[in-house]
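Peer 1: Shown below is the structure under consideration.
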Amino acid sequence: MHFEDYQTFDATGLADLIRRREVSQVEVFDAAVAAIETLNPSLHAVVRTRFEKARHECKHVLENSVFAGVPTLSKDLLMALAGEPLAFGSASLSAWCPKQDSLLIQRARAAGLVVMGQTATPELGLMGITEPKAFPHPQNPCREGYSPGGSSGGAAAAVASGMVPIALAGDGGGSIRIPASYCGLFGFKPSRGRVPLAPAHGEVWQGAVVEHAITRSVRDSAALLEQINGMAPSGPYPVPRETGYVDALSASSKPLRIAVSLGNFLSYGLDTQLSTDVKIAVEKAAKALADMGHEVEWCEPPVDGDALADSYLTLYLGHLAADLQWVSQQTGVPVHRLAIEPSTRAVGRLGAKLSAKDYELAKRYWHEAAEQMSQFHQRYDALVLPVAADTAPKIGELYPSAARERLMSLLAVPGASALALKAGVLKHLAVDALSRTPFTQLANLTGQPAMSVPFHVAANGLPVGVQVMGRLGEDKQLLQLAADMERSA
């Protein structure tokens, strides 16, 4: 199988070919190696490969498994491969190796996926772009010089370019949906607790982080979720394993009541400028849903976007401070000597000065927002809104400038971090971090399932995804709606 033929199939299609003996697992494997070796030198989606280990693992994959030996890539963040490097996009962890596989890796392998390597992520997964100083920056395959987004930017670049048909990814504030939108792919964030982070983690970012994948098709996303969902023995969420995700795609969704918004309730106060193409994409999705027979109404949920941004970033600060302490423990290097980026160090110092009271107050707002959305969903089955305010940014456009990094370095001055927090630096951080992507954090804080569906190509040739959120726990209904939208688009 030539890699150009390999690139025309999604994961389900490749698995069907293998099961029908039209191609062998070895042929598919070799095509994936050829695709990665040909494309990655210019796209930089993959930070390290493991071809020999993967080839050995491929020999033990059953042809009757769901994915039957289809190649995939894992993310260089949280997704542990026992005894192999996991750098979290950071030079500080370049030599660190976890001791056991993560449960997601175990389940992906049991489903028949073969992990070929690991994809690029920003340092510690902190940004909506993937431009770590420790690794080359991945390119958006849709247009040279543009970012694939983040933090699962390497995963999106790998799938969009055809290196693999499906790549494992994680989402703590939009990190699956933003790259999917920027690269014209399908990105699904499951409900909180649906996919466990065990054994190394019970929850990350207070449960905001959920892992799954970026795919070319809805059916691949549903098939994977069917195999990897369900609680870990250690918890912390009592979410039993469910089946029926794939079967749900075969029938059209029942008429739903769907709210549509341009996201003003989330972007107010962040100086967000919504592009014409993003507006067109949302309007196209609203019309398509109405044409499918759904009841569509333009409506703003009763959520305070400013409070949501402050809450999200407060916990972001606190968790980064804790994460840096964890990195120090794992490496034996004091926090102040860690090889981390200036922006990471600055935000970590702010987090270290955060009071437990402020942290807890920020966390309490998550439930308030979840209650508000629960009331909203008593009337509406789903909410359509933007993923991002514009198409993919140019590489370097959103990374902190050298001048901003020098300013951040002043936080090393004794007492400066505490004074910065009192002076309202959190609001400035919110504008810097979220002004282009203020629409995705809501689902992470409330725990709701959400997805990016490709629905438009902008005038500049770059894709635009549309975000759809569903009720907490109703992942099947959302995937069913995605399948209908996919057929429509």
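Peer 1: At most 15 other C-beta atoms within 10 Å and a DSSP loop state: those are the exposed GluC sites (Glu not before Pro) I care about. Give me the longest piece of the chain that has none. Could the numbers behind the result be given before it?
Peer 2: Values: sites that count: E22, E63, E144, E242, E397.
Free of exposed loop sites, the longest segment is 243-396.
Peer 1: Using Cα centres only, tell me the gap between segment 9-70 and segment 130-206 in whole Å.
Peer 2: Using only Cα atoms to place each centre, the spacing works out to 19 Å.
Peer 1: Now for a separate question. Counting Lys and Arg as +1 and Asp and Glu as -1, each charge on the Cβ, what is the dipole of segment 268-351 about the Cα centre in debye, to the nearest 20? Numbers along the way, then the final one.
Peer 2: Working: 6 positive and 12 negative charges, 130 e Å.
That gives a dipole near 620 debye.
Peer 1: Once fully extended, how much extra length lies between N264 and N460, figured as 0.36 nm per residue of separation less the alpha-carbon to alpha-carbon distance? Don't skip to the end; give the middle numbers.
Peer 2: On the way: separation 196, 0.36 × 196 = 70.56 nm, distance 2.41 nm.
Roughly 68.2 nm would be gained on extension.
Peer 1: Let me ask another. Tell me, what is the per residue accessible area of segment 48-167 in Å², probe radius 1.4 Å? Walk me through the numbers before you get to the answer.
Peer 2: Working: 3680 Å² over 120 residues.
That works out to 31 Å² per residue.
Peer 1: As an exercise, use a Förster radius of 51 Å and the Cβ-Cβ distance of A307 and A95 to find the FRET efficiency, rounded to the nearest 0.05. Let's see the in-between values first.
Peer 2: Numbers: r = 41 Å, r/R0 = 0.81.
After rounding, the FRET efficiency stands at 0.80.
Peer 1: Something else about it: Each label point is 7 Å from the Cα along the Cα-to-Cβ direction; what then is the distance between the points at I280 and K394, in nm?
Peer 2: For I280 paired with K394, the spin-label model returns 2.2 nm.
Peer 1: Could you give the accessible area per residue of segment 180-238, probe 1.4 Å, as a whole number in Å²? Numbers along the way, then the final one.
Peer 2: Values: 1540 Å² over 59 residues.
About 26 Å² of surface per residue is accessible.
Peer 1: Work out which helices of the chain, taken as complete DSSP H runs, extend at least 24 Å along their axis over the Cα atoms and score a mean Kyte-Doolittle of 1.0 or more, then list them. If you can, show how the numbers build up before the last one.
Peer 2: On the way: long enough: 25-43 (27 Å, 0.74); 305-331 (38 Å, 0.10); 356-376 (31 Å, -1.20).
Helices passing the filter in the chain: none found.
Peer 1: Further question on the same structure: Rounded to the nearest 20 debye, what is the charge dipole size of the chain about its Cα centre when +1 sits on each Lys and Arg Cβ and -1 on each Asp and Glu Cβ?
Peer 2: Numbers: 43 positive and 49 negative charges, 179 e Å.
Roughly 860 debye for the chain.
Peer 1: Let me ask you something else. Of all the accessible heavy-atom surface of segment 166-213, with the other protein chains kept in place and a 1.4 Å probe, what percent is carbon and sulfur? Write out the running numbers ahead of the final one.
Peer 2: Details: 320 of 690 Å².
Heavy-atom surface of segment 166-213 belonging to carbon and sulfur, 1.4 Å probe: 46 percent.
Peer 1: With each pseudo-label sitting 7 Å past Cα toward Cβ, what's the R20-A200 distance in nm, one decimal?
Peer 2: 4.0
Peer 1: What is the sum of charges around K357, taking Lys and Arg as +1, Asp and Glu as -1, for the other residues whose C-beta is under 12 Å from the C-beta of K357? Please report the intermediate quantities before stating the final value.
Peer 2: Working: positive: K363, R364; negative: D358, E360.
Net charge around K357: 0.
Peer 1: If you don't mind, there's one more thing I want to ask. Between T38 and S328, what length comes free when the chain is fully extended (0.36 nm per residue of separation minus the Cα-Cα distance, one decimal in nm)? Intermediate values should be presented prior to the final figure.
Peer 2: Details: separation 290, 0.36 × 290 = 104.40 nm, distance 3.70 nm.
Additional length available on full extension: 100.7 nm.
Peer 1: Using only the Cα atoms of segment 232-310, what are the Rg and Dmax in Å?
Peer 2: So, for segment 232-310, Rg and Dmax equal 17.8, 48 Å respectively.
Peer 1: If each residue of separation counts as 0.36 nm, what is the full-extension length gain between D432 and A110 once their alpha-carbon separation is subtracted? All intermediate terms of the calculation are to be shown ahead of the outcome.
Peer 2: Numbers: separation 322, 0.36 × 322 = 115.92 nm, distance 4.12 nm.
In short, 111.8 nm is gained.
The values are calculated or read from the model by the stated rules, or taken from the named source; none is laboratory data. None of the values given here were measured: they were computed from a predicted structure. Cβ sites come from the backbone with ideal geometry, for glycine too, and all protein chains shown count toward neighbours. Heads up: the accessible areas ignore ligands, DNA and RNA and are worked out on the full protein's heavy atoms, side chains in. Shrake-Rupley method; radii C 1.70, N 1.55, O 1.52, S 1.80 Å.
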